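Before any comments, here is the structure.
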Amino acid sequence: MFAPRSVLVTGANRGIGFGLVRQLLSLPSPPKYIFACCRVPEDAEELQKLADLNPSIKVLKIDLLDTASIKASAEIVEETVGDDGLNVLINNAGTLQDTYAHRFDDITEERLKSTFAANTVGTTMMIKTFLPLVRRASNQIADDKFDSSRAAIYTIASKWSSVSDIEQRLGFYWYTYCMSKAAINMMIRLFCQELRCNNENILCVNLEPGWVKTRIGTSAGLLTPDEAAKALFEFVATLTDAHHGCFYTCEGNECPF
Ligand SMILES: NC(=O)c1ccc[n+]([C@@H]2O[C@H](COP(=O)([O-])OP(=O)(O)OC[C@H]3O[C@@H](n4cnc5c(N)ncnc54)[C@H](OP(=O)(O)O)[C@@H]3O)[C@@H](O)[C@H]2O)c1
């Protein structure tokens, strides 16, 4: 069963992130604290409405391009969760700058830098900043079991970033997006190995949500954000240490890095 006491989701104002927050509320045992992070809380109308109805939702400001906003939110999360720490960090926020600018000729220095700044640097800084709180949650339990609810970092990845599975590209390339997502995959692979070598029981798994109807996935996507989020949590509930450091679709199929 997936029943964490506290969960943080980035990019929670729309798309898959908003679906994740809604699905967290529908779990048999919903978290006591749902930290729903977005760039501009005052503009996140739907999320604010949901938070007004559900006091477990705390809307916080996190812009991946602004490390100070990440640190400020970590302080609020720490004050809220105290000695229990943060059970689950979900790195969902991400940017694909222009769906239709996907070829080599479309690469610009600005597009490359801003995409890496959010998807790679920002996500790395999220993990770095919140790790002490996730570690605190892990250390609450004496045994050495990995558990999807005890202490976990889930990152919403993309199969398009697979370096070894390039044949599926079929004429669409999205260089800057795929490069930045491949780089964060590498960071997470290294980080998982380091955690394992240090005997830290923090489960880290990359998750591919499928093709979802969002601004990134476009209206042609096959799943609604709620359907993707539901499938994601159903799969997360089955995770064990055998999944640590790997990359899966929400149907449980392993994706090649
Ligand atoms: N949709 C798919 O088919 C699909 C497939 C594979 C992977 N994914 C991944 O799923 C995740 C969610 O994407 P989505 O499909 O839900 O797309 P989306 O609707 O465009 O949502 C993207 C979210 O990320 C936030 N974001 C973007 N840049 C940010 C920044 N600098 N700091 C903080 N938040 C930022 C956006 O906030 P604003 O509203 O402020 O812009 C928004 O909340 C992404 O990591 C994406 O790569 C999606």
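The values are calculated or read from the model by the stated rules, or taken from the named source; none is laboratory data. Model, not experiment: these values are computed from the prediction. We place every Cβ from the backbone using ideal geometry, glycine too, and count neighbours over all the protein chains shown.
Table for the structure above
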| quantity | calculated |
| --- | --- |
| Condition broken by Lys49, with the remaining ones in (1) of a type in the set (Lys, Arg); (2) surrounded by fewer than 17 Cβ atoms within 10 Å (Cβ to Cβ); (3) more than 14 Å from Phe130 (Cβ to Cβ); (4) touching a residue at least 24 places away in the same chain (Cβ under 8 Å) satisfied | (4) |
| Cβ pairs under 7 Å, 6+ apart, first in region 222-246 and over 26 Å from Leu195 (Cβ atoms), second of a type in the set (Gly, Ala, Ser) and within 12 Å of the ligand (Cβ to nearest atom) | Leu222/Gly210; Leu223/Gly210; Pro225/Gly15; Pro225/Gly19; Asp226/Gly19; Ala228/Gly19; Ala228/Gly210 |
| Among (1) buried (at least 23 other Cβ atoms within 10 Å of the Cβ); (2) touching an Asp or Glu at 6+ places or on another chain (Cβ under 7 Å); (3) modelled with pLDDT under 95, the one test that Lys159 misses | (1) |
| Residues being more than 14 Å from the ligand (Cβ to nearest atom) and more than 19 Å from Ile127 (Cβ to Cβ) - total across region 51-82 | 11 |
| Only listed residue being over 17 Å from the mean Cα position of the chain (by Cα) and closer than 22 Å to Asn13 by Cβ, chosen from Leu195, Leu232, Leu223 | Leu223 |
| Any hit, region 182-191, residues being in contact (Cβ under 8 Å) with a residue 24 or more places away in the chain, closer than 23 Å to Asn253 by Cα, touching an Asp or Glu at 6+ places or on another chain (Cβ under 7 Å) and of a type in the set (S, T, N, Q) | no |
| Hits in region 31-50 - residues which are more than 15 Å from Ile90 (Cβ to Cβ) and away from the ligand (no atom under 13 Å from the Cβ) | Lys32, Gln48, Lys49, Leu50 |
| Residue selected from region 167-181 under the condition surrounded by fewer than 21 Cβ atoms within 10 Å (Cβ to Cβ) and free of Cβ contacts under 8 Å to residues at least 40 places away in the same chain, by the criterion nearest to Thr249 (Cα to Cα) | Gln168 |
| Complete set of residues in region 220-257 that are among the polar types (S, T, N, Q) and within 11 Å of the ligand (Cβ to nearest atom) | Thr224, Thr249 |
| Per-region count, region 201-219, residues in contact with a Leu (Cβ under 8 Å, 6 or more places away or on another chain) and away from the ligand (no atom under 12 Å from the Cβ) | 4 |
| Every residue from region 199-216 that is assigned to a loop (DSSP other than H, G, I, E, B), touching a residue at least 60 places away in the same chain (Cβ under 8 Å) and within 17 Å of Thr249 (Cα to Cα) | Pro209 |
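Rundown of residues vs (1) over 14 Å from the mean Cα position of the chain (by Cα); (2) surrounded by fewer than 20 Cβ atoms within 10 Å (Cβ to Cβ); (3) within 24 Å of Ala74 (Cβ to Cβ), yes/no style:
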site	(1), (2), (3)
Glu110	yes, yes, no
Thr123	no, no, yes
Arg136	yes, yes, yes
Lys145	yes, yes, no
Ile153	no, no, yes
Asp165	yes, yes, no
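Residue-by-condition table, conditions (1) touching a helix residue (DSSP H, G or I) at 6+ places or on another chain (Cβ under 7 Å); (2) not aliphatic (A, V, I, L, M):
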| residue | (1), (2) |
| --- | --- |
| Arg103 | no, yes |
| Asp106 | no, yes |
| Glu110 | no, yes |
| Lys113 | no, yes |
| Asn119 | yes, yes |
| Pro132 | no, yes |
| Ile141 | no, no |
